[in-house]
């Protein structure tokens, strides 16, 4: 059997249980050689006990897993691995690879010295093959989606590019016609011309928005510590510079820091604060309040306005592309702004929501990853 002290007693203790078990079981000495294997082990690997006993376990291990097996043996003997629970590859007598789920424990004497190892092995080859097949299908589906998205993106980019040239022509010649023939046109003609120029401007804005949506979807995120308060102040200044004649009060809470892509977060705030500005055009002055608070690992930011608001019955449409709750005369745009806001939030593993009442203003709520406390600016 073996000259290892206490081994024969241990083998006798487990022999009956091993013979009756439907799970592959084996006893391994401290040199990593098989001492005894049960019938289930023989069936699993196709070898008889006589062909296995006395030989090193690594001789039946897949070559790629030999270093791993030797490391496991060292760890079990020196105690750095109390109990091994892992999957590794063995070689069947036929040459096929057998994936086995291995549980190995060390039997020790009263003084704690290792005597031998008891291993249990279950054949998980079919399970592993099924997992590989599922992963392969998932990878193929992911690759197909990526390819489809790239094709759609190329198509959208081509369409946007091809439309810009005729749009520029429409805008340019409409402007020239208005300048040169304005006096000869009657009121109806001038109205038609204004409608043409307005439609061209809306189409140009839509193409720019589609380009932004494309950028948001495909750009690689570059997460850094972002001072969201500074970005909000920047957006507020841009809004006021664009319409200096409007009375406005924009209040931004200082020191709101998040982890994110600065350019995308700036674009997000531009849409949210821009909406608050547009939908306050019926008010004597614009009031926008941006504030936030830390909640665990998230920063919760609220952007509140006193504009015309909207009916919450239609809130489910709010972040969908091309859905508009307001007409152009109320400040409604191309219907992509809030869709971009949601996409940016989702790409940052965050979220966006809204609460509102008609004629009572709106509050948009963002949840974004906060800067870890230890890294937050003092």
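The values are calculated or read from the model by the stated rules, or taken from the named source; none is laboratory data. This is a predicted model, so every value here is computed, not measured. Quick reminder, even Gly has a Cβ in these numbers, built from the backbone with ideal geometry, and neighbours come from all protein chains shown.
Things to note:
- Restricted to the stretch 305-320, and to residues there that are in contact (Cβ under 8 Å) with a residue 40 or more places away in the chain and assigned to a loop (DSSP other than H, G, I, E, B), the residue that is farthest from residue 285 (Cα to Cα) is 311.
- Beta carbons closer than 9 Å, at least 6 apart along the sequence or on distinct chains, pair a first residue in the stretch 208-226 that is assigned to a strand (DSSP E or B) with a second that is surrounded by fewer than 14 Cβ atoms within 10 Å (Cβ to Cβ) for 225/375; 225/376; 225/377.
- Taken as a whole, the condition of being at pLDDT 80 or above, under 29 Å from residue 294 (Cα atoms) and crowded, with 20+ Cβ neighbours inside 10 Å does not apply to residue 360.
- Criterion (closer than 24 Å to residue 171 by Cβ, over 29 Å from the mean Cα position of the chain (by Cα) and free of Cβ contacts under 8 Å to residues at least 12 places away in the same chain) met by exactly one of 202, 195: 195
The rows are residues; the columns are (1) surrounded by 12 or more Cβ atoms within 10 Å (Cβ to Cβ); (2) assigned by TED's automatic domain parsing to the domain that holds residue 337; (3) at pLDDT below 80; (4) part of a helix (DSSP H, G or I).
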position: 153; (1), (2), (3), (4): yes, no, yes, yes
position: 156; (1), (2), (3), (4): yes, no, yes, yes
position: 159; (1), (2), (3), (4): yes, no, yes, yes
position: 175; (1), (2), (3), (4): yes, no, no, yes
position: 183; (1), (2), (3), (4): no, no, yes, yes
position: 188; (1), (2), (3), (4): no, no, no, yes
position: 194; (1), (2), (3), (4): yes, no, no, yes
position: 199; (1), (2), (3), (4): yes, no, no, yes
position: 203; (1), (2), (3), (4): yes, no, yes, yes
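- Only one of the numbered conditions (1) touching a residue at least 24 places away in the same chain (Cβ under 8 Å); (2) over 24 Å from residue 112 (Cβ atoms); (3) out of contact with any helix residue (DSSP H, G or I) (no Cβ under 9 Å at 6 or more places or on another chain) is not met by residue 60, and that is (3).
- Of the residues making up the stretch 227-249, one or more are surrounded by fewer than 21 Cβ atoms within 10 Å (Cβ to Cβ), within 23 Å of the chain's Cα centre (by Cα) and closer than 25 Å to residue 370 by Cβ.
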